[in-house]
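These notes are about the structure you will find just below.
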Amino acid sequence: MDRFRMIFQYFQSNSESVMNGICGLLALASVKMYTCFDFSCPCLTRYNMAYGLGIMFIPAIALFLCGLILNRQSLVMLEEWRRPQGHRKKDLAVIRYMCSSIMQRAMVAPVVWIIVTLLDGKCLICAFSGSVDPEKFVGLDNTTLVQVQQLLAKVPCKDDELMRNNTSRKAVSRYLRSWSQALGWSILLILIVAAFLARWLRPCFNQATLLQARHWSNYIDIEQKIFEETCCEHSRLFAHKCILHFFESMRREITLHSFSLPREGQEAEGEECLLRGITDQDQVNKLLKTWYYEKPPLDVSQV
Amino acid sequence: MDKFRMIFQFLQSNQESFMNGICGIMALASAQMYSAFDFNCPCLPRYNLAYGLGILLVPPFILFLLGFVLNNNVSMLAEEWRRPRGQRGKDPAVLRYMFCSMAQRAMIAPVVWVSVTLLDGKCITCAFCTLVPVETLGNASHSGLSQGAMKRVLARIPCKEIYDGQELIANEVAIRYLRCVSQALGWCFVLLMTTLAFLVRSLRPCFTQAAFLKSRYWSHYIDIERKLFDETCTEHAKSFAKVCIQQFFEGMSTDLVAAHCHPPRKAPADVGEAAEKLLGITDQGTMNTALKSWHKCKPPLHLHPPALHSSNGWAGEEQPPPHPPVPRREMAAYYSRV
């Protein structure tokens, strides 16, 4: 429990950590989505390629857009980019830094989806089963072209009546799966090497500019958060003053209209103070009605 | 248990986080509802379309309305929209902002339902099984069936146990085809929705940032003001009730002293706090009378000023006097303790 709370607090303490957390969650969500998704290849000649490649790329694009939407910093960056200059100059290096860090984080989930897809192999088997060379496989080379195409298109469907006990189906399937897994592992290796090189070689180029850009992008983020918090606090105080002013003005009006003598010399006890001079069912009803029909103006300057 | 409490506290700390939390819960609930739902295609020509499209479209509509119902801010929006102008102007931009943010949050659960339904494929398979292209996928010409008979056969595609058209078109082929179409539609729908959300979120800072900041501040203000007003009224009601009940008990004890013709007991100087809290009611009969009169004759909602100990005007079974129409102060002077 303590460990969980510590992890939670660590993630909340820094806005970059929050974004890394969201990035990780999206990556896990993409793996979970793939395992829940019921892949069913149509096993028809023209539809296979479209379905296979569609399942590989369309969810990746959707996950990329999700990564951009869920990242708070993308809004901050856009605001900084589009704001009028005013008294504060705009630093393009900061905007570029923010943009690149947002893109890097948004790319994690789609890359995870594509790699999981390739390592699993079903998408590539579905998409490219019609494109293998039938002469390489026994049992597929002595029929007409159209029939070969149809047979190959049915390779991804293990339960199809034509394919149930076909050994060449297993051969084609294994062949395509090995290609798919090789591609998946190669992409993973290339990406990890690229990330490693980028992190190691970065201090050799322009470290000072990078430090500045990172500092100011953090600053802009924090400044916006604090502005929002200050506005919240201000609106709370404003509302409090406005309501007290309203109760006070109601009390004055009631005293004026009921012609009763002002209470002199009575020290307000605790409860009487909270009653604010409203001590009657009719007075309460009048107060509530006035609150609805004539809300007080948004002006607490004379309080 | 602690974990849930912490997550709950984190979500409640910020009003927006709380609404996002409710949003996420509804989305998960809609996915769970779909997996718990037992889909049963009727496998009859005209009913399939109605059933399939009904399951696809009616629950999202209900979830959308539920999203509005569960949102506390709906009543705030309605109140702000309908209130008379009074001394405070109305800003339509604020109303629009409030409505848009509520609608966006309410859209999430229906979108999740439609996506999960399309990606699963059962609804589309049921609804459109009679439209499968039999000429390309099966043997339409060989069967010699009339249109109506063929439609009846095709309508049974989703129900594998009673399907009898294996020569017309293989069951697995048809189901694979329909499921592929459904999943393609599902992913395109997901992509379309995420693109729309992305555009809505990213175009706003480019065009209307100043107006947005204004609307957000004032919509937040209206929410806080309403909450603070409710809190102030609750505090006032508590104090009102306390003073009213205190005055009732004081009135009771004064009445009873007057009725029994006892001189008021001079309380000893060092009476304890507990004796003070007894409010002058110190025996069973008196207490019973107090309880009975609380039930039969509740005091009027009108507090006396604290200096005067006026009685309730009666003790025992008689009817209470009618509520005095003029300020009580003048009347109180005529009640004397005899």
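The values are calculated or read from the model by the stated rules, or taken from the named source; none is laboratory data. Computed from a prediction, not measured in an experiment: that's the story for all the values here. Here the Cβ positions follow ideal geometry from the backbone for every residue, glycine too, while neighbour counts run over all protein chains shown.
Would you check which residues across the stretch A:32-85 are part of a helix (DSSP H, G or I), crowded, with 21+ Cβ neighbours inside 10 Å and more than 23 Å from the chain's Cα centre (by Cα) and list them? Within the stretch A:32-85, A:Asn48, A:Tyr51, A:Gly52 qualify.
Collect the residues in the stretch A:275-295 that are acidic (Asp, Glu) and more than 8 Å from chain B (Cβ to nearest Cβ), keeping them in residue-number order.
A:Asp282
The set of residues from the stretch A:131-179 being touching an Asp or Glu at 6+ places or on another chain (Cβ under 8 Å) and touching a residue at least 60 places away in the same chain (Cβ under 8 Å) comprises A:Lys154, A:Cys157, A:Asp160. Restricted to the stretch A:161-195, and to residues there that are at pLDDT below 90 and polar (S, T, N, Q), the residue that is farthest from A:Val138 (Cα to Cα) is A:Asn165. Output the number of residues of the stretch B:65-100 satisfying the condition of being without any contact (Cβ under 8 Å) to a residue 40 or more places away in the chain, polar (S, T, N, Q) and part of a helix (DSSP H, G or I). Residues that pass the stated criteria total 1. Quick check, is A:Lys158 basic (Lys, Arg), modelled with pLDDT under 85, part of a loop (DSSP other than H, G, I, E, B) and out of contact with any strand residue (DSSP E or B) (no Cβ under 6 Å at 6 or more places or on another chain)? Answer is yes for this residue. Condition first: of a type outside the set (Ser, Thr, Tyr), more than 30 Å from B:Cys123 (Cβ to Cβ) and more than 14 Å from chain A (Cβ to nearest Cβ). Can you find one or more residues in the stretch B:52-72 that meet it? Yes, there is a match, as at least one residue in the stretch B:52-72 is of a type outside the set (Ser, Thr, Tyr), more than 30 Å from B:Cys123 (Cβ to Cβ) and more than 14 Å from chain A (Cβ to nearest Cβ). The test for being among the basic types (Lys, Arg), facing chain B (nearest Cβ under 10 Å) and exposed (fewer than 14 other Cβ atoms within 10 Å of the Cβ) does not hold for A:Arg3. Among residues of the stretch A:123-151 being touching a Pro at 6+ places or on another chain (Cβ under 6 Å) and assigned to a loop (DSSP other than H, G, I, E, B), the one that is farthest from B:Ile175 (Cα to Cα) is A:Asp141.
Taking the conditions exactly as written (in a helix (DSSP H, G or I) and loosely packed, with under 14 Cβ neighbours inside 10 Å), does A:Glu233 satisfy them or not? Judged against the criteria, A:Glu233 is a match. Being in contact with a Leu (Cβ under 9 Å, 6 or more places away or on another chain) and part of a helix (DSSP H, G or I) is true of A:Leu188. Counting only helices (runs of 4 or more DSSP H) wholly contained in the stretch B:147-262, the ones carrying 3 or more residues that are touching a residue at least 12 places away in the same chain (Cβ under 8 Å), at the interface with another protein chain (Cβ under 9 Å from one of its Cβ atoms) and buried (at least 17 other Cβ atoms within 10 Å of the Cβ) occupy B:171-207, B:209-259. Output yes when any residue across the stretch A:191-206 is in contact (Cβ under 8 Å) with a residue 40 or more places away in the chain and either surrounded by 11 or more Cβ atoms within 10 Å (Cβ to Cβ) or closer than 26 Å to A:Met77 by Cα (or both), and no when none is. Yes, there is a match, as at least one residue in the stretch A:191-206 is in contact (Cβ under 8 Å) with a residue 40 or more places away in the chain and either surrounded by 11 or more Cβ atoms within 10 Å (Cβ to Cβ) or closer than 26 Å to A:Met77 by Cα (or both).
In the stretch B:114-128, the residues that are not aliphatic (A, V, I, L, M) form Cβ pairs under 6 Å with partners that are not in a helix (DSSP H, G or I), at six or more places apart or across chains, as follows: B:Lys122/B:Phe39; B:Thr125/B:Pro158; B:Cys126/B:Cys41; B:Cys126/B:Pro158. Taking A:Lys154 as the residue in question, decide whether it is within 21 Å of B:Ala170 (Cβ to Cβ) and surrounded by 22 or more Cβ atoms within 10 Å (Cβ to Cβ). Answer is yes for this residue.
All conditions in (1) in a helix (DSSP H, G or I); (2) within 14 Å of chain B (Cβ to nearest Cβ); (3) exposed (fewer than 14 other Cβ atoms within 10 Å of the Cβ) hold for A:Ser100, with the sole exception of (2). Is it fair to say A:Arg164 is more than 30 Å from A:Arg46 (Cβ to Cβ), surrounded by fewer than 18 Cβ atoms within 10 Å (Cβ to Cβ) and within 14 Å of chain B (Cβ to nearest Cβ)? Spelling it out, it is not the case that A:Arg164 is more than 30 Å from A:Arg46 (Cβ to Cβ), surrounded by fewer than 18 Cβ atoms within 10 Å (Cβ to Cβ) and within 14 Å of chain B (Cβ to nearest Cβ). Selection over the stretch B:83-103 of residues that are within 14 Å of chain A (Cβ to nearest Cβ) and at pLDDT 90 or above gives a count of 1. Here is a check on your reading of the model: is A:Met107 in a helix (DSSP H, G or I), more than 10 Å from chain B (Cβ to nearest Cβ) and either in contact (Cβ under 8 Å) with a residue 24 or more places away in the chain or under 16 Å from the mean Cα position of the chain (by Cα) (or both)? Answer is yes for this residue. For the structure I just gave you, tell me whether B:Leu154 is touching a Gly at 6+ places or on another chain (Cβ under 6 Å) and not hydroxyl-bearing (Ser, Thr, Tyr). No.
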